[in-house]
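The structure follows.
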Amino acid sequence: MAGGWGAAGFLLLSFWVFESSGQNVTSQMVVDYVQFYKHRDVYVLEPGDEGGETWATDTFLSLTSLGDTFVGVVPLASPPATPGWPRHAIDPLMVALLPSPRHAVILGRMFPLAPRRCSWLLLLPDPDITTWLLPLTLPLDTRVTVATLPPEDSTTPLWHVYQVTPAMEKRTLPAGRWIPPTLLDDSHLDAFRKEVPATERVEERRVTYGRMVAVVGDPLLRRTDLTGLRLACTTVNESPHTILTTHSNGTFSVTGIFGGVVSSLQEITNFTCSCRPSRDGQWGSLKDGRWTGMVGDVVDGVADMAVASLDITPERSVAVDFLLPISHTRYKMVVKRPSNSDLMWGTYIKEFSGHVWAVLGSTAVALMLAMHGTTAIMEQGTERLSLLESFSVVMGALCGQGCSTPPRTAPARLVLLTTLVLHVVVQAHYTSNLASSLAVGPLMPSFSTIRGVLAEPGLSFGLMRETAMVEYLKSSSDQYHQAAYSKLMARDSLMVGTSAEGVSKTLQEKYVYMDTDLFIYSNIDCRHYVLPGSEFRAFTSIAFKKGSPLVPILNSILLKMKGGGLIKKIQMSWVPRPEKCDQNTTSPIRLAAITAPLVGLLLAIILSLCCCSLEHSIIPKVSQRSHGPMSTLGCRDTAKPPKTGHGNSRTWQEVVKNYLNLPKRGGLERETVMPSNRILKYVLRN
């Protein structure tokens, strides 16, 4: 039955094409189509039947009349054998007349051999397009326009035809109409504009022979209905970009930023998606010539797409095709937030740097020597201060304490005054920094780059394995990036499997973890500190198989989603709000913050007890050895104290002490309380 309809259609077409007077209408339509879409390379496929050669010749002559178009005629059965077909770097238009379904079978054999990006104009005598083209497979990324040849003096409808998969039925979309010069009515133009959505761009133009009204632009971007296409995806669980939920039947659903984008694409383009975690749980890197992770799943055909925040890198772009960037990623580093508990032994010395403490120590030693020198030179007797006594006086002055017997000479007093002034200056700076440190905690780290991290002693640097960050460090020309990469390769323990693991590791050891800003902010709290700045920047998107026809279609949808603000809305709904870590209220000081002064106080008490014990046990023995066994008997007689004078070195306290031991003399009673002036007169008289 199909063969009969094909023969009848061919006879009608031949009669209309070749028996009409003058130039045939089909050739006129082809010329106007080429002129409307401005094709520069056109190949006319000769059917090979009687009458087809005449049509091909007539069309060839009509196209060459345009002057600026390259036209070639090749046989439908074997166009690849034709020399010069097609020209390199040119996307030609293939024009084929299919008088019967048998010609569609012939076209189906050579269709895959044509250039991938070429356009097709197929001429059919039957309006039943899908049945006529049943032997022909038209992939989703082909640009095929079908013109059904109507009776004479009628418009020629144009259709875009495609298949989502070879197993699915062909779908048609109205593409335009050609109005012959014999029709002057504009109703056909208005009727076509009502057939297409208002969002599509339609142009109407008067061309060489008639008028053409058609949809302009890439026909692939019109194919937003994928008719229930089922895709397999690979992913990883990394909040907030992709969040996996396992169901009781073993399937997974993906939410998060990228899950929301895919859900919106599914609703718009009518496809379904079933996702599984990647085979090895990794993102994707090239190892020994093979891709791992999600990229490896797509390359090996295990999945059609990778739904995750994959960085668009040159290496990955060779293996897979990416959609337009969905998010902009900044790579930051996070460490444990410093606290007073971490500085248990340095809480009260970190207010000054090491150089300041060295200068203060040197100044204290200089003041001690100056105090000892001035008293040793300028003062006599008991007013002279030893080195130990000078140390006590200077340290007491630095702590804000004076001495019971101030120096009598001007140089010694000047040294003491200088020490007290130094105490005021040091105390003002020290106490202000100490109060601030105890109230708000210590200062945040001063480093913010990998170079600064490598310069810090005791710090280790790490990141997530099998990610683009490893490639960034490896391919970087920066020497510090190369040094960090060498350390990572030497110690695999520095790399982690997930972002949450890396962030928690910063609390357990002196570890700096680098990852995307969203991954970090999703896993941190006030115990962490994110270093300012970013080490790397990248764009991330969804990956598809290399050459997938879905990429241009979904890209056009993404552009509309970006323009309408839908992508931004999805991102804001999943971006975590950073926790406010500003201390508006004070918290009690923990024991660890005062451990150092308590231990110092305890050591000072023990040291003072030891010194007291030494003085009590050793100094009297030394005194006895120096004065001899009869030294106590050699003291001056307290009953007859010598008269005081210039040569007498006894103090008035000793005289008063001896007076209290005197017997009654001259009517002076020892028990009598005497005014101080009478005691002084008695002492001077005796």
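Suppose the chain between Arg117 and Phe352 were pulled fully straight at 0.36 nm per residue; how much longer would it get relative to their current alpha carbon spacing?
77.5 nm is the gain from fully extending Arg117 to Phe352.
What does a probe at Ser154 reach in the stretch 90-128, counting residues whose amide N is under 11 Å from the point 7 Å along Cα→Cβ?
126-127
Quick check: residue separation of Leu61 and Arg230 times 0.36 nm, minus the Cα distance between them. What number comes out in nm?
Net length gain for the segment: 56.1 nm.
Relative contact order of the stretch 113-209, please, whole-number percent, based on alpha carbon pairs below 8 angstrom and at least 6 residues apart.
Over the stretch 113-209, the number comes to 20 percent.
From the convex hull of the Cα coordinates of the stretch 104-152, what is the mean projected area in square nanometres?
The orientation-averaged projected area of the Cα hull of the stretch 104-152 comes to 3.6 nm².
Please tell me which of these pairs span more than 19 angstrom C-alpha to C-alpha: Lys336/Lys510; Lys170/Lys546; Lys332/Lys510; Lys332/Lys505?
Over 19 Å apart, Cα to Cα: Lys170/Lys546.
Same structure, new question: Rounded, prolate or oblate: which fits the stretch 484-533 when a ≥ b ≥ c are the square roots of the eigenvalues of the alpha-carbon gyration tensor, with rounded for a/c under 1.5 and prolate only if a/b beats b/c?
Note, shape of the stretch 484-533 comes out prolate.
Continuing with the same structure: Say each of Ile606 and Arg193 gets a label point 7 Å from the Cα, pointing the same way as Cα to Cβ; how far apart are those two points in nm?
Label at Ile606, label at Arg193, 9.9 nm between them.
Share of the stretch 215-287's accessible area from carbon and sulfur, percent, 1.4 Å?
51
Here's something else I'd like to know. Taking amide H positions as placed 1.01 Å from N in the peptide plane, with prolines and chain starts having none, which residues 5 or more places from Ala175, or on another chain, fall under 5 Å of its amide H?
Leu158, Trp159, His160
Separate question: Taking the highest mean first, how do the peptides 488-501, 251-264, 102-115 order by number of other beta carbon atoms within 10 angstrom per residue?
Top of the packing list down: 251-264, 102-115, 488-501.
For Thr130 and Glu203 in one chain, what is 0.36 nm times their gap in residues minus the Cα-Cα distance, to one decimal in nm?
Roughly 23.6 nm would be gained on extension.
How would you rank 269-279, 31-41, highest first, on the average number of other Cβ atoms within 10 Å across their residues?
31-41, 269-279
How large is ³J(HN,Hα), in whole Hz, for each residue of the stretch 194-209 in order, when computed from phi with the Karplus curve 6.51 cos²θ - 1.76 cosθ + 1.60 and θ = phi - 60°, using x for Gly and Pro?
7, 7, 10, x, 5, 6, 8, 8, 10, 10, 10, 8, 8, 10, 4, 10
Place the peptides 68-78, 565-575, 197-207 in order of packing, highest mean first, counting for every residue the other Cβ atoms within 10 Å and averaging per peptide.
Final packing ranking: 68-78, 565-575, 197-207.
I would also like to ask the following. Rounded to the nearest Å, what's the spacing between the alpha carbon centres of the stretch 144-207 and the stretch 280-294? Just the number, please.
47
Summarise the long-distance tail of P(r) for the stretch 245-399 by giving the % of C-alpha pairs beyond 22 Å.
Roughly 67 percent, once rounded to a whole number.
The values are calculated or read from the model by the stated rules, or taken from the named source; none is laboratory data. Note that the structure is predicted; figures quoted are calculated from it, not measured. Neighbour counts run over all protein chains shown; Cβ positions are idealised from the backbone, glycine included. These area figures cover heavy atoms from the full protein model, side chains too; ligands, DNA and RNA do not enter into them. Shrake-Rupley method; radii C 1.70, N 1.55, O 1.52, S 1.80 Å.
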